[in-house]
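Asks: Before I ask anything, here is the structure I am working with.
The values are calculated or read from the model by the stated rules, or taken from the named source; none is laboratory data. Note that the structure is predicted; figures quoted are calculated from it, not measured. Positions of Cβ are generated from backbone atoms using ideal geometry, with glycine treated the same way; all protein chains shown enter the neighbour counts. For accessibility, only protein heavy atoms count, side chains too; no ligands or nucleic acids. Shrake-Rupley method; radii C 1.70, N 1.55, O 1.52, S 1.80 Å.
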Amino acid sequence: MKDYFKYFFTILFSALFTVIVCFPAAASEARAHGFPNAAYSGEGDPEFYGPLLAAAFAEESGEEEVSRPRRRHRHMETQVPEGIPDPLEPLNRVFFEFNDRLYFWLLKPVSRGYEKVVPWEIRTCTRNFFRNLLFPVRAVNCLLQGKIDGFGNELLRFVINTTAGFGGLADPASEINIMPSDEDLGQTLGTAGVGHGIFIMWPVLGPSSARDTVGMAGDAFLSVLSYYPDELKYKFAIRGLDRVNDTSFRIGDYESLKDAAFDPYSAVRDAYFQIRERKVKE
Amino acid sequence: MFFSSIFRWLALLTVPMVLTAATCVAAGPMETVKKITDRTIFILADEKLKAPEREAEKQELLREAADEFFDWRSMAQTALSVHWRKRTPEEKEEFTRLFAEFLEKTYMDKVEGYSGEKIEYLEEWIDREYPDEAVVKANVMTEKQGAIPVEYLMFEKDGTWKVYDVLVEGVSLLRNYTSQFNSIILRSSYEELVDMLKEKIGS
């Protein structure tokens, strides 16, 4: 009985969170306060832009630079591309710095050691295992988005990989071209027309948005790992293993991003925005 | 008799059609990407150019290929977005040069890490309304991470196709720089951005 109360309050909290943070009213309020990065949402409407960019708009009718008749990407030359509002930027930057250190001081050395000790095959199996566990998240969100094919594929994958794939350690389904569909609740909400809301850089968890945070919380209900194991320290240990295992495949990615960036924080923010936009559209 | 004459007409019609199609394809966007990528790979794989004393020559050859591949001016213009029109012609010139140099450097670092990955060319899409706009889709087959989808956004300029943006796994490189530059200019100033560019090139 107590558990039901817990779930009830979590859902209530998530719903409240959505109403407060996700809806554009909050974002427009942020814009009114002149947060610089809340400035770019909405296309072509000077109203959407902060005072700094409004000045740029006023000049727009003047000089013409565009030397070729390009339509699809022409707007990029006169406008800052659409981005995600970021009224919490100062705080986010602090957490970005924190995550950066966490990566270089802890996650990277641990993952590198792990990569050296644990052979590639076992690491791949571990990854497959964790992915297989998250099948309900993908399947349910396929269903919620009306992607029946994706739902069928996920169901089939789960059955094949859990049996023929030794409990999800191997991925024979991909071998016969039944591919996973990478769906989550954040994308489902996006498909339903919910905007990103604001950008949030969570410590440890990394970049997210208001919408995707609600999505993550919702998806947690469908993840076995939130119910089992019961004890908190084992929960953390398993999460940690998953994270280290995942990172061991991607050592160097963050470094090269950071190396090619002028402002790593806004590079990550924009990449997050682009990736999520793309996934919602797919 | 009837059929043979039909075939003759068909043959007469098809020959010029095939020829025009062939010439179009030869100058097409995907062909351009393939040609320059192959050339770059050829330079990188050349054993003679691997000698340290020929490093400068190799760099020069790679740079030539990159210059032919990308349209730096339009990339610089896109990267500065709303701030472009506020710059003087000299500043625009300088920024284009610096940004090109920076991209060349990053591109070169990426390219030098090349270790025999295969590139699979998937499709070429030319805008119907604006036939000077095209997208070339390809997959870079890596050992570690499988196929990485890459898209080249191109436009035609004086009869040759030029790349103005590259999307890696759906993330536009140029767009990412645009928002970074905007953030930097809004937080500090254009001069600061130029200093950062110079520093990146110098390092």
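Asks: For the residue pair B:Ala45 and A:Asp246, what label-to-label distance in nm results when each label sits 7 Å from Cα along the Cα-to-beta-carbon direction?
Replies: 3.7 nm
Asks: How do B:51-58, B:32-39, A:119-126 rank on mean C-beta neighbours within 10 Å, highest first? Numbers along the way, then the final one.
Replies: Details: B:51-58: 11.2, B:32-39: 17.5, A:119-126: 14.1.
Top to bottom by mean Cβ count within 10 Å: B:32-39, A:119-126, B:51-58.
Asks: Now for a different question. Quick check on packing: order A:233-243, A:143-153, B:160-170 by the mean number of other C-beta atoms within 10 Å, highest mean leading.
Replies: Descending packing order for the listed peptides: B:160-170, A:143-153, A:233-243.
Asks: Let me ask something else. List the accessible area buried at the contact between B and A, summed over both sides and calculated with a 1.4 Å probe, in Å² to the nearest 100.
Replies: 4200 Å²
Asks: At a probe size of 1.4 Å, how large is the accessible area of B:Phe95, to the nearest 10 Å²?
Replies: Taking all protein chains as shown, B:Phe95 has close to 0 Å².
Asks: Quote to one decimal, in nm, the extra length available between B:Ala147 and B:Arg128 on full extension: 0.36 nm per residue of separation minus the C-alpha distance between them.
Replies: Separation in residues times 0.36 nm, less the Cα-Cα distance, equals 4.0 nm.
Asks: Then there's this: Rounded to the nearest 5, what % of DSSP beta bridges with both residues in chain B are antiparallel?
Replies: Beta bridges within chain B, antiparallel portion: roughly 95 percent.
Asks: Under the 0.36 nm per residue contour assumption, what length would be gained going from the current alpha-carbon distance of B:Asp195 and B:Lys105 to full extension? Intermediate results must be reported in sequence, preceding the final value.
Replies: On the way: separation 90, 0.36 × 90 = 32.40 nm, distance 1.63 nm.
Stretched fully, the B:Asp195-B:Lys105 segment lengthens by 30.8 nm.
Asks: Quick one: which bits of region B:159-184 get at least 40 Å² less accessible when the partner protein chains are in, versus the chain alone, with a 1.4 Å probe?
Replies: B:Tyr164, B:Gly170, B:Val171, B:Arg175, B:Asn176, B:Ser179, B:Gln180, B:Asn182, B:Ser183
Asks: Roll a 1.4 Å probe over the protein chains and send me the accessible area per residue for region B:2-201 in Å². Display every interim value, and only then the final one.
Replies: Working: 10800 Å² over 200 residues.
I get 54 Å² per residue for this part.
Asks: What ³J(HN,Hα) values, in whole Hz, does the Karplus curve 6.51 cos²θ - 1.76 cosθ + 1.60 give for region A:257-274 when θ = phi - 60°, with x put for Gly and Pro?
Replies: 4, 5, 5, 8, 9, 8, 10, x, 4, 6, 5, 5, 4, 5, 4, 4, 4, 4
Asks: Give me the one-decimal nm value for the distance between modelled label points at A:Leu225 and B:Glu117, 7 Å along each residue's Cα-to-Cβ direction.
Replies: Between A:Leu225 and B:Glu117, the simple spin-label model gives 2.7 nm.
Asks: Just the projected area, averaged over all directions, of the convex hull on the alpha carbon atoms of chain B: how many nm²?
Replies: In nm², the orientation-averaged hull projection of chain B is 16.7.
Asks: Follow-up. So which of B:Lys58/B:Lys118; B:Lys48/B:Lys110; B:Lys34/B:Lys157; B:Lys86/B:Lys137; B:Lys48/B:Lys118 end up more than 26 Å apart by C-alpha?
Replies: Checking Cα-Cα distances, B:Lys86/B:Lys137 exceed 26 Å.
Asks: Shifting gears a bit: Would you mind getting me the FRET efficiency between B:Arg87 and A:Asp253? Use the beta-carbon distance for r and R0 = 35 Å, nearest 0.05.
Replies: Efficiency, from the Cβ-Cβ distance: 0.55.
Asks: For region B:2-201, which whole percent of the accessible surface, found with a 1.4 angstrom probe, sits on carbon and sulfur atoms?
Replies: Details: 6400 of 10800 Å².
Answer for region B:2-201 is 59 percent, counting heavy atoms of protein chains only.
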